Amino acid sequence: MQKQLQSYFKIIKKNLPCYNKAMKTMLDDLKVSVNTFIQENGVTSFTQIEQHFGTAEDIAKEFAVGVDNAYVKSYKFKKRVTAIVLSILALILVIVASLALYIVVENEIHTPVAHDNKITYEYSEEYKK
């Protein structure tokens, strides 16, 4: 039943139009209420919880009633802008890393190899005279 409760609260959170401090407080209060209900009534099945409190979707709708529509739009806009900015930064990071790797590989290919070979000249006997 614990996994079902986690899923229940996850669905509620997912269906909220926005997730701010007030929504977090309401969700925390609901968790306390559900746990109190389970302990006081000896609840053994998840259906008893849904019958008493309602479905996750219904609870999310009730939470959303008090939220200003302009706030929800602002929240969604900020969330979208944040996602776009993070995507652009990730793309830039991938490009820079690829460029750095390319430069390193190209330098390895075209860098002359230094050897510590000494050049010695040998003359034949006829040139020594």
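The values are calculated or read from the model by the stated rules, or taken from the named source; none is laboratory data. None of the values given here were measured: they were computed from a predicted structure. Quick reminder, even Gly has a Cβ in these numbers, built from the backbone with ideal geometry, and neighbours come from all protein chains shown. The protein model used for the area step is the full one, side chains on, heavy atoms only, and it has no ligands, DNA or RNA in it. Shrake-Rupley method; radii C 1.70, N 1.55, O 1.52, S 1.80 Å.
Structure above, values below:
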{"item": "Filter pass, Gly54 being without any contact (Cβ under 8 Å) to a residue 12 or more places away in the chain and under 30 Å from Lys76 (Cβ atoms)", "result": "yes"}
{"item": "Qualifying position, being over 30 Å from Gln2 (Cα atoms), open to solvent by 90 Å² or more (accessible area, probe 1.4 Å) and of a type in the set (D, E, K, R), among Lys61, Lys79, Lys24", "result": "Lys79"}
{"item": "Counted residues, the stretch 29-49 - those being out of contact with any Phe, Trp or Tyr (no Cβ under 8 Å at 6 or more places or on another chain) and either open to solvent by less than 60 Å² (accessible area, probe 1.4 Å) or closer than 16 Å to Gln2 by Cβ (or both)", "result": "10"}
{"item": "Set Thr25, Thr47: member being more than 29 Å from the chain's Cα centre (by Cα) and either at positive phi or of a type in the set (Val, Ile, Thr) (or both)", "result": "Thr47"}
{"item": "Residue in the stretch 16-29 that is modelled with pLDDT of 85 or more and over 23 Å from Lys73 (Cα atoms) present", "result": "yes"}
{"item": "Test result for Ala83, over 28 Å from Lys21 (Cα atoms) and at pLDDT 80 or above", "result": "no"}
{"item": "Selection from the stretch 40-80 of residues that are β-branched (Val, Ile, Thr) and closer than 19 Å to Asn20 by Cα", "result": "Ile59, Val65, Val67, Val72"}
{"item": "Hey, Ser45 at pLDDT 75 or above and touching a Cys at 6+ places or on another chain (Cβ under 9 Å) or not", "result": "no"}
